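Report on one structure; see the data block that follows.
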Amino acid sequence: MSRRHFLKTAAILAGTGAAAALSGCKIRFQSSEQTAAASDQTFHWRLVTTWAPHFPVMGEGLDLFSNWVGQMSGGRLKIQVYGGGELVPPLEVFDAVSQGIAEMGHGASYYWSGKVPAAQFFCTVPFGLNAQQMNAWLYSGGGLALWEEVYKPHHLIPFPAGNTGVQMGGWFNREIKSVADFGGLKMRMPGLGGKAISKLGATALLSPGSELYTNLERGVIDATEWIGPYHDYLMGFHKIAKYYYYPGWHEPGPTLELIVNDSAFAQLPPDLQEIVRTAAFRLNLWMLSEFEAKNDEYLQKIRQEKQVRILPFPDDVMAQLRVKSAEVIQELTDRDPASKKVFDSWSAFRRAITDYSHLSESAYFSLISGNSTSIP
Ligand code: CA
């Protein structure tokens, strides 16, 4: 948008509040003719998920999503939510929706990195974007269009639909004083983060969530990452681990995904399609907000129980892991052209937003850090 057009538009908005004046910003609106074509047909959809039924935040959010869609559509789009394993196993959600066994799915795109390596950039990669930056890249920086392109051959339409915020670095029974302490460390760490710690001599394991507590308690693993204070507290890790490290460099703001079978979506009238899009936006914000509020609350519980030391990773450990993570991403983009294409967009966006975030969010946090108790 040119400066002249912006000033003209701003004047119109100031005078009338007319949102239609924003049409020059390439925002697509449904025409009234399209919405008038809405039918009375009722659609029954299945939503399969990678989460346990009614799992805190994720499962709860999908129950809400189903209600929102039902209410907005006047009952014309009914969505039945299935927890992982209820209709299909958790890690078959992608295939189930791709093949039309279910119309819709919810999970995290990095679960499919074995099948679609480029997908992980749309969730999270080590030392990548935080939640706010992910939303900016996906919605306004071209990321979502690339995501749609990557999923199109799989007959899937992706929607950002949740974010955990910056995760925690994990629970350790060995103090991490330097990179040497990763030598021989057995840690539950999926994805590219796991590959990065392997380069420092650790063994990255992929234990399912259900086995983590027992494995950590019995010393089968020395450390595990999970999510953040809320879910970690519910798992009880604070009772058996000595150290709780931050930050979650390996998952700095994972975007969760809603995936829709493209044929099923095409069969919906335009107003129901718009309801799905709108409810996905709402879910994206609701989950992030819920994570943020609950993590604050449960960090305080963990602090008050005083059973674990909460420590930052040493600077040189972060520096080394950053180097190793860059190597892992380089190896990925060298062997997979689709990952290279997505990475080029993602990394250009990251360079620019890191510059701006430094002057805005980062500078602001530095300003207020340590002063929270003195502010009325
Ligand atoms: Ca995690």
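The values are calculated or read from the model by the stated rules, or taken from the named source; none is laboratory data. Since this is a predicted model, take the numbers as computed values, not measurements. Note: ideal-geometry Cβ built from the backbone for every residue, glycine included; neighbour counts use all protein chains shown. Ligands, DNA and RNA are excluded from the accessible area calculation, which covers all protein heavy atoms including side chains. Shrake-Rupley method; radii C 1.70, N 1.55, O 1.52, S 1.80 Å.
The largest accessible area among 277, 303 belongs to the first residue in 303, 277, and the rest follow in falling order (1.4 Å probe, all chains). Under a cut-off of 13 Å between alpha-carbon atoms, report the aspartates and glutamates in cross-link reach of residue 177, not counting same-chain residues fewer than 8 places apart. In chain and number order, the partners are 315, 316.
Report, for the chain, the % of DSSP beta bridges that are antiparallel, rounded to 5. Percentage antiparallel, nearest 5: 45.
For the residues 176, 101, 353, a 1.4 Å probe over the protein chains yields an accessible-area ranking, largest first, of 101, 353, 176. Distance between the 7 Å Cα→Cβ label points at residue 359 and residue 54: 5.0 nm. Pair-distance distribution of the chain: all C-alpha pairs, bin width 10 Å, starting at 0; shares per bin in whole percent are 5, 21, 30, 26, 13, 5, 1. Given their separation in residues at 0.36 nm each and the Cα-Cα distance between them, residue 152 and residue 234 gain 25.8 nm when the chain is fully extended.
In the structure shown, the pairs 152/195; 195/340; 115/242 are assessed against 30 Å; a Cα-Cα span above that value is assigned to 115/242. Here's how it looks for residue 108: its modeled amide H is under 5 Å from those of 257, which are all 5 or more places away or on a different chain.
Each residue, residue 334 and residue 366, gets one label point 7 Å from its Cα in the Cβ direction; the gap between the two is 3.5 nm. Here the simple spin-label model places points 7 Å from the Cα toward Cβ, and for residue 306 and residue 173 these points are separated by 2.4 nm. If R₀ is 25 angstrom, what is the calculated FRET efficiency for the pair residue 99 and residue 44, using the beta carbon separation as r and rounding to 0.05? Using R0 = 25 Å, I get an efficiency of 0.90.
One chain, two ends: residue 285 and residue 78. Fully extended at 0.36 nm per residue, the span grows by 72.3 nm beyond their Cα-Cα distance. The aspartates and glutamates whose alpha-carbon is closer than 14 Å to the alpha-carbon of residue 186, local same-chain residues fewer than 8 away aside, are 175, 217, 222, 225.
Sorting 257, 60 by accessible area puts them as 60, 257; the probe is 1.4 Å, largest comes first, and only protein heavy atoms count. Placing a label point 7 Å from the Cα of residue 220 along the Cα-to-Cβ line, the residues of the range 43-68 whose backbone N sits under 20 Å from it are 52. For the range 201-236 versus the range 237-275, the spacing of their alpha-carbon centroids is 20 Å. Accessible surface of residue 315, taken over heavy atoms with a 1.4 Å probe and every protein chain present, rounds to 130 Å².
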